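Colleague: Got a structure here, written out as structure tokens. Questions coming.
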Amino acid sequence: MINLIQIAPNGQYQSGQLNGENAMPNPINLSWNGPTNDNRGFVRVVLNGLCEDQKRYNLLQMHPKWVSKGSIKGYLPSALMPTHAIFKAKVGFLKGATGSDGVTFQVWVHFTANGKQVGYRILNYKKLYNDKMTEVIADLSHLSGKNVRIELRVDAGNSSGQDWAVWADPKIEPKQAGADAKVFNIRPLRFAILNRNEESFFNGKGDEPYFGVLYFRSIFGKPGSTKVVSLTTLKTQGKNLGVGTYSLPSDSNLSITDTAVVWDNTIQAFTNGIQVSGYQMVAIEEDWHGKGVARDTINGKKDKLFKALVTHVENNIGGILNMEATTEAIKNEVSGESAGFLKKALTTVFAAITNADDLIGENGITLINLTASALQAQLGANYNPDSQKDPIGSVVPRLYKLEFKGSDARYRVDVEVSYGSYNDPITS
């Protein structure tokens, strides 16, 4: 756990007047623990301070510059983010600030990614004096293990009068299992051969299926959050199999573990960003040992998929406004408009090879970390976790049944989404 009040004295603080949403021309450097009558603004610690809810807390008080649209920013020392990290605090006012017309609390993160400095907002909350302190939480799980500099900011409204704004017990800590934070697993359990690829031309010969998988994850408006993982052990699931149901061995390397905060509504999502993740599978029946071709083709799609997610999700916070259109765009990027992107690529490659394996089909899951009810409200009829072709669902425990259809065969794979332990490794 990182106590931000403890490291706050070593931070750097500036004040000024906003020109637009974020521009603050000619910022003024402020000293730590400045006088409370400084009209440039001030920052200080208040231990056991009395707040508007009649309770006492350890507080970081940040008063914006005493002008309309005044602002104060605090850049705290860099710190290593713990696994499954969240920012957590209560925000509000010292008791008696009834003359305030409200302030906006913001949290920004600054870190290095691919040799470049990256900075963006993870929390944006407007607070009025209403005799209540509000708990705010922001997801930092995508920054676990990174050195991150937290920026705390308070913006005044049309007036800065009595903007006695405070952060109560601000900290960074590992998420705890509960309603707002989950670690989840995607694990294929078993597969069924509904119609087999091999016919009676080869008496007694059955299918020898294997599977390749791409896992992807990206968060709207969160640079650095996109991951694409290729799980391509491509282990044959059995020899000479006929119609029936079979377990998937654990050493098939088809499982993924990741972390997501499950938001109850789109207001929380606007503040923190929606995580969109997916699991794209391809089923192939082995005839002529073409696993290397399949593996190379799947790996060759990783970079293209990564770039598409960065464009359409990571750098597109506005995509939350129309989740239906955005989800369709994601599906098209992952699966293509008609045949899946893996199917198109594999079919092209296999057609050029005389001794090619048989492609049964491609299918995948798109998961969005809104609750099922919030996702239903966003997507309407397009929210269909029971579909057997490219289902869209919330990150909640359930079983998905994915069908793979070829010209002469049909498979089904049962994929379980479940909550896991916080001790599980995050393999994405």
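Colleague: To the nearest 10 square angstrom, what accessible area does ASP131 show with a 1.4 Å probe?
Modeller: 90 Å²
Colleague: How many angstrom lie between the Cα centre of segment 1-51 and the Cα centre of segment 363-388?
Modeller: 43 Å
Colleague: Peptides 381-390, 220-229, 17-26: what's the order by average Cβ count within 10 Å, highest mean first?
Modeller: Result, highest mean Cβ count within 10 Å first: 220-229, 381-390, 17-26.
Colleague: Note down the accessible area of VAL261, probe 1.4 Å, to the nearest 10 Å².
Modeller: The value for VAL261 is about 10 Å².
Colleague: Does segment 1-111 come out rounded, prolate or oblate, given a ≥ b ≥ c as the square roots of the eigenvalues of its C-alpha gyration tensor, rounded meaning a/c under 1.5 and, failing that, prolate meaning a/b above b/c?
Modeller: Here segment 1-111 falls in the oblate category.
Colleague: Right, something else. Which entries in the list LYS239/LYS401; LYS227/LYS302; LYS132/LYS222; LYS222/LYS301; LYS227/LYS307; LYS90/LYS127 go over 18 Å, if you measure between the two C-alpha atoms of each?
Modeller: LYS239/LYS401; LYS132/LYS222; LYS222/LYS301
Colleague: Here is a follow-up. Quick one: which of 303-315, 64-76, 32-44 comes out on top by average Cβ neighbours within 10 Å, and what's the full order, highest first?
Modeller: In decreasing order of mean packing, 303-315, 64-76, 32-44 become 64-76, 303-315, 32-44.
Colleague: Over segment 84-195, with the other protein chains present, what is the accessible area per residue in square angstrom, probe 1.4 angstrom?
Modeller: 38 Å²
The values are calculated or read from the model by the stated rules, or taken from the named source; none is laboratory data. Keep in mind that what you see is a predicted model, and the values were worked out from it rather than measured. Glycine gets a Cβ as well: all are built from the backbone with ideal geometry, and neighbour counts include every protein chain shown. We work out accessible area using only protein heavy atoms, side chains counted, and drop any ligands, DNA or RNA first. Shrake-Rupley method; radii C 1.70, N 1.55, O 1.52, S 1.80 Å.
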